[in-house]
Each structure stands twice: as structure tokens, then as C-alpha cells.
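Structure first, then comments.
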Amino acid sequence: MMRLGRRGWAAVLAFGLGWAAGGAAAVAVAPATEPVDLTELCVRVRPAFVFIGGGSGVIIRPDGLMLTNDHVIGRKRSFTVRIGDGRSFKAKVLGTDPVGDLAALKLEVPEGQTVPHLELGDSGALRVGDEALAIGNPFALGVLDQAPTFTVGIISALNHTQGTYTECIVTDAEVNPGNSGGPLVNLAGAVVGINGQISTRFGLRSNTGLGFAISARQIAIWLPRLEAAGGGEVKHARIAGLEFAKGPKESAESLVVKDVADGSPAAAAGFTAGDAIVSLDGAPVANALRLRGLLGIYPDGHTVPVTVKRGDAETVLEVTLTAPERAKLGLALARARGDDLAPRVEKVEDGSAAAAAGFTSGDEIVEWAGQRLEFSSRDDRRAFDRMIRTTLNVGDIVPVKVKRTDAAGATAEVDLKLVAR
């Protein structure tokens, strides 16, 4: 028995069928508009499934290119995996994306042979309500009968952000620990996502109705970088050099450019103060949260068109995204003494970002990034010191207000603009 979404069929189907040892071509794609025999679909897609560690994976090319989650492979760089037709292969990691939780591996397929695979589909064509199939190894059930488990549901939401998953697919097809890295498949038999997270309650590591998958669109963008990573990591990217107007992150005001750092990628792309971001790579951008989600699907070095509203006209800017690079501010603060927790500048390095911003020895920082500073404990003060040392990236623009005493003893607050570099 099988349950299709909410239509009342049985939920889980596991196959104990025997498979031929020879290679197989890509799984045939059934017309999506035709009635789908779910039993036949499961039989067709099963051979491309991969058991890896305590999780799951899927082969997407006949030469043995496979996908899984970064958290499934951990620090290991070589594996022995078993695929859905019963054969085992050595596999090596090509590249990983720890932030996006994606990893690409290559099976060591003997020369002249191929392995079963599923095509990478078009997740952009998905609609809420479309039916989908999740394939995995939940709770290591595959150890019992050497077969993956299948669950069926619908696409519940699109363009969702869940932790470090941005622009991900939400499904109510049941996925549980062990499903991680397995494919989310449409009814045509194509991979539209890689399952990786679940929504839980009360600390229980079991499905509560929502699963989250990395979209095929994001995978297609990252795949060339992952294959060329030589076993290493690839980096996420951002638009470096922009300061946005202060406003709620869920409002359009949060997309208005307040300032642009000289010499930054944003400046090179042509951004100017007052620009309002309208869309990125053709996708509408309603607020800062949506912009963050869209940027999360691109790797370092990727160039995207960004449409901005400038006055009454719209302009398209070509922006090269860059990976965050930790900045060195050249700013040293004096230690707190007694009950005096105020952050006072002790030293400013010549030629540094802090020097360029106008900091001087003796300045007391009273406002940082629009927030008035008030410390109730030494731990609070230490957290602030650590934040300015470790969280700023090259191109970040931070408005700062300092209290300064002149030679005559007069005290005033001075506005500074710190451009990290």
C-alpha cells in the first residue's frame, strides 16, 4: 500500500527486488502529464540510489558522479558505497559546500562501464502542490533488506530559507534521519532536490511534516565548482561593499543602498547611494531576507545581473559576487578596568582601515552600526571586542560614533565611517 501526498495511500514502500549486475543507462523519463504508476516509478529510480555511511545519495551521471549532503560525509574523503542495484564501489569526494550542505563524489567505475543515474531536473518548474518522491535510508532501514525506502508527498513551499539552506524546497514527503543526501524526485523521475533537513519538535529527531531540500537549480550552479574543487571546499558569495539603509529586514526599505565602499565589487558594478534593488538574476527581491536567500545559491566568482531602481528608471548592473574575506581593522581597544567597561581606542595602526576612518587613540566608541553601546558585564564587553575582531569582512561599511575630548577638555560625539579592508 502507498499513500500519495494526502490522497490516502500507504506511506512507505521498500523494494527487495534483485537487480542485474550490469550497468544501466539514464532512467527513462515518463511524460509528467500522463498518469503515473508509482510502483513502476520506484522500480525505475531505485538503481541510481546510493547508500553512503548512515545516509543517502544519488548518482546523476553514468560515469558515477553522485550527490549527497556535506553533513553525511563529514571529514571523510573516501568511501565504499552501495548503489540501488546491489553493487558496491569505491567513491572519492570531489568537492564540498559546508554552508549549503552539498557534496559531490565520484564512483570508481571500471573503464567501459556505466552506472544507473537520474537526470538533474528543473526545480524552477515546480509548483506548490506538485507530487514528489523522496528516496532514502531512514533509520538505516536499508540494512535490513538492502533496499532504499520511498515516501511520497507534495511540494509544500518554494523559495524557503531554513538555517543555512536558502531558496530550498519544502515537502511533506516523510524524510527522517538517514534520508539526508537522498534525492527528491518528480513524477517524471528527475532529481529536483537533495533532501537534507527536517522540521522537528520537542527535540525529537523525527519528521513532523516538513522536510527541506536543496534545489536542483542551486545544485546545477554549484556543480562545476564542486567537480573542480580537488576534494576541497567551495565558498558562498555576497555583494561586497554595500551599506543598506536602516529599515526592517522584511520591508522594501531594507534594500535601499545608503553607501558604497570605494574600490569594492559593488562600486565596480556601478552601484550608487540611493539605488533600490528590484531583482537579482531575474528573481524579484521584496526585502533583505529575500535578497539573502537568493545570494545563498551562488558561489564565489559568479556574476549575476542585478536590477536597481534609480530615480524613476531601472538599471541592470552586472555584479561579480565574492566570498567573505576577514578584515583587519588595525584597531586595538584598551582592556576594561574595574567597573569602567567603555570600549576606548588604545592604538590605531598607520594605513589601516581604522586610521582611514579617522579613529584616534583615546576615542570612546559609544555607537556601533547604529546601536548604542551599553555593557552590563565584562562578558558583554569581551563579546563586543571579539565581534569587531572576527566578524567584519572586507567591504563591510560600519557607521560608528565616538566620544572625543579635545585639547581644551571639551567633549563631543563624532560620526565616523569604517570601511573594512
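The values are calculated or read from the model by the stated rules, or taken from the named source; none is laboratory data. As the structure is a computational prediction, the values presented were derived from the model and not from experiment. Don't worry about glycine lacking a Cβ; one is built from the backbone with ideal geometry, like all the others, and counts go over all protein chains shown.
Mind checking whether some residue in region 206-219 is among the small types (Gly, Ala, Ser), in a loop (DSSP other than H, G, I, E, B), at pLDDT 95 or above and at positive phi?
Step one: of region 206-219, the residues among the small types (Gly, Ala, Ser) are 206, 209, 211, 213, 215-216.
Imposing the further condition that a residue be in a loop (DSSP other than H, G, I, E, B) reduces the set to 206, 209.
Checking the rest, the ones that are also at pLDDT 95 or above come to none.
No; the residues of region 206-219 include none that is among the small types (Gly, Ala, Ser), in a loop (DSSP other than H, G, I, E, B), at pLDDT 95 or above and at positive phi.
Thr320 fails exactly one of the following numbered conditions: (1) closer than 29 Å to Pro224 by Cβ; (2) without any contact (Cβ under 8 Å) to a residue 40 or more places away in the chain; (3) polar (S, T, N, Q). What is the number of that condition?
For Thr320, the exception is condition (2).
When you scan region 189-205, do you find a residue that is part of a strand (DSSP E or B), more than 22 Å from the chain's Cα centre (by Cα) and over 16 Å from Ile219 (Cα atoms), even just one?
In the first step, residues of region 189-205 are kept if they are part of a strand (DSSP E or B); the result is 191-198.
Still in the list and also more than 22 Å from the chain's Cα centre (by Cα): none.
No, every residue in region 189-205 fails to be part of a strand (DSSP E or B), more than 22 Å from the chain's Cα centre (by Cα) and over 16 Å from Ile219 (Cα atoms).
Taking the condition of being part of a loop (DSSP other than H, G, I, E, B), touching a strand residue (DSSP E or B) at 6+ places or on another chain (Cβ under 7 Å) and surrounded by fewer than 21 Cβ atoms within 10 Å (Cβ to Cβ), how many residues in region 239-273 meet it?
The first filter runs over region 239-273 and keeps only residues part of a loop (DSSP other than H, G, I, E, B), leaving 239-241, 245-251, 261-264, 270-273.
Now narrow it down to the ones that are touching a strand residue (DSSP E or B) at 6+ places or on another chain (Cβ under 7 Å): 239-241, 245, 261, 270-273.
Now narrow it down to the ones that are surrounded by fewer than 21 Cβ atoms within 10 Å (Cβ to Cβ): 245, 270, 272-273.
Residues meeting the conditions: 4.
Quick one: count up the residues across region 334-352 that are modelled with pLDDT under 95 and hydrophobic (A, V, I, L, M, F, W, C).
Result for region 334-352: 4.
It is to be established whether one or more residues within region 278-297 are touching a Ser or Thr at 6+ places or on another chain (Cβ under 6 Å), assigned to a strand (DSSP E or B) and without any contact (Cβ under 8 Å) to a residue 40 or more places away in the chain.
yes
What number of residues in region 294-324 are surrounded by 19 or more Cβ atoms within 10 Å (Cβ to Cβ) and of a type in the set (Gly, Ala, Ser)?
Qualifying residue count for the region: 1.
Is one or more of the residues making up region 69-77 charged (D, E, K, R), surrounded by fewer than 14 Cβ atoms within 10 Å (Cβ to Cβ) and not in a loop (DSSP other than H, G, I, E, B)?
Quick first cut of region 69-77, residues charged (D, E, K, R) only: 70, 75-77.
Next, only the ones that are surrounded by fewer than 14 Cβ atoms within 10 Å (Cβ to Cβ) stay: 75-76.
Pick out the ones that are also not in a loop (DSSP other than H, G, I, E, B) and you get none.
No.
Being assigned by TED's automatic domain parsing to the domain that holds Asp37, part of a strand (DSSP E or B) and touching an Asp or Glu at 6+ places or on another chain (Cβ under 7 Å), is that true of even one residue in region 169-183?
Taking region 169-183 first, the residues assigned by TED's automatic domain parsing to the domain that holds Asp37 are 169-183.
Narrowing the set further to residues that are part of a strand (DSSP E or B) leaves 169-171, 183.
If we keep only those that are touching an Asp or Glu at 6+ places or on another chain (Cβ under 7 Å) as well, we get none.
No - not one qualifying residue is present in region 169-183.
Within region 96-119, can you find the residues that are over 22 Å from Gly230 (Cβ atoms) and in contact (Cβ under 8 Å) with a residue 12 or more places away in the chain?
Gln113, Thr114, Val115, Pro116, His117, Leu118, Glu119 - these are the residues of region 96-119 that are over 22 Å from Gly230 (Cβ atoms) and in contact (Cβ under 8 Å) with a residue 12 or more places away in the chain.
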